Amino acid sequence: VLHASRAAPLAQAGLGTQAEAHFWLYFAVASARIGLASGGVQARTARRRVARSLRRLRPRAVACPADWDHKLGLLEGLAAMLRGRNDQAVSFFESAAVGARIAGSVHEEALAFELSGDALEGLGAQRAALDARRAALSRYVAWGAHARAARLRERAFSQSIRPAPPDRRRRSRQ
């Protein structure tokens with residue numbers, strides 16, 4: 001995020017390019033992930049960055065919804081998470097996943113599922129979070145992002161895929 005902050009003036013110089021729009025999208029995603037993990041000042045900074053990216057990308061979504069609606073959904077979902085509205089975030093992420101699939105953006109579909117898993121976990125819906133992360137994992141692998149898939153597997157599944165604890169109830173002998 002530090003390097004992206006320094007690159008922001010360069011992105012602004014390329015007004016209207018696809019690269020500039022993608023810069024604002026992923027800069028906001030990275031900022032939000034840090035803000036959600038850290039809280040406090042980082043979260044406030046992330047809220048501002050996501051809001052700025054939303055303002056920059058909304059005109060693109062209006063002009064070309066097939067390419068940009070799902071990206072806007074990712075940002076709307078992150079904005080909702082940063083406000084503590086994980087229930088709204090899940091809706092945005094699920095919609096973004098569908099839009100990304102239709103647009104053929106496998107990597108953004110994977111990201112939408114991963115973020116949905118995070119929001120669902122925040123709601124205490126562990127099983128649904130696990131299902132969303134499994135979907136993200138399969139999409140990252142389909143995209144060829146094996147390193148990202150390995151990190152997700154390690155972070156998200158190391159705690160959830162454990163053998164069930166032994167049954168400690170006494171069994172009656174019959």
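Where a number appears in this text, it was derived from the coordinates with a stated rule and is not lab data. Every value quoted in this text rests on a predicted model; they were computed, and no experiment measured them. With ideal geometry, Cβ positions are generated from the backbone for all residues, glycine too; neighbour counts draw on all protein chains shown.
3J(HN,Hα) along the stretch 74-86: 4, 5, 4, x, 5, 4, 5, 4, 5, 8, x, 9, 5 Hz, from the Karplus curve 6.51 cos²θ - 1.76 cosθ + 1.60 with θ = phi - 60°, whole Hz, x for Gly and Pro. Projecting label points 7 angstrom from Cα along Cα→Cβ for residue 142 and residue 62 puts them 3.3 nm apart.
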